[in-house]
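Quick note: the coordinates plus some simple rules give every number you see, no bench work behind them. This is a predicted model, so every value here is computed, not measured. Reconstructed Cβ throughout: ideal geometry from the backbone, glycine too, with neighbour counts over all protein chains shown.
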Amino acid sequence: MDEAGWTRLESLVADRRTRAVGEIGLDFFRHISPPDVQREALGRQMALAAARDLPVLVHDREAHLEVTERLLAWTGRPGSARGVLHAFSGDAAMAERLVAAGYLVSFALPVAFRSNDGPREAARALSPGTFVVETDSPYLGPDSGARNEPTTALRVVAELARLRDVAPEDLVDPIRDAYGSLVGA
């Protein structure tokens, strides 16, 4: 991003209607940008969020340790609701450390994939009210080429309930009660 882009982003973050800074983070899987460029951008984006006391919405793909370290070191927005780990792909230890530091974990449909051990382990370990669900539409849909709709969130809730051996409403009620205004309930 050039400096004109950063200036535009700064003005968007300064707008009183802005509620969070995201989707920001590190993606060491696709290599669209060199890691050093991503690190610099993430630092600047987190600084913008801190300046306005806004939470961050974090993308992490194949960068779990570095994302965890950066979020734990971030001095912005102390306390709870520091941000959300979007389409969480880490493990239980990562999730528990970040939840303890005030972040929410967001699960998308890949938590239902049997090969996705880390997020499935995290889904079992986290306390109610420390995670949310999402569709990540149009990505992370139910099938290749299939439309990703809001009902995908119901599939995520159903899988989380199955993993935790609870009824789906036992998951939904704490999310709505604790974060209704954040998640649009």
For the chain, what value does the Rg/Rh ratio take when both radii are computed over Cα atoms and Rh is the Kirkwood radius, given to two decimals?
-> 0.96
In vacuo Debye scattering of the stretch 83-139, one point per C-alpha: log10 I(q)/I(0) at q = 0.26, 0.30, 0.31 Å⁻¹?
-> -1.03, -1.32, -1.38
Which cross-chain or sequence-distant (5 or more) residues have an amide H under 5 Å from the amide H of residue 22, H modelled 1.01 Å from N in plane?
-> 57
On full extension of the chain, what length is gained from residue 1 through residue 28, given 0.36 nm per residue of separation minus the C-alpha to C-alpha distance?
-> 7.9 nm
Using label points projected 7 Å from each Cα along Cα→Cβ, tell me how many nm separate residue 53 and residue 97, to one decimal.
-> 2.8 nm
Relative to the longest principal Cα axis of the chain, at what angle does helix 152-164 sit, 0 to 90 degrees, rounded to 10?
-> 60 degrees
By how many degrees, between 0 and 90 and to the nearest 10, does the Cα long axis of helix 35-51 differ from the longest principal axis of the chain?
-> 90 degrees
Residue 15 versus residue 81: modelled label distance in nm, points set 7 Å from Cα along the beta carbon direction | 2.1 nm
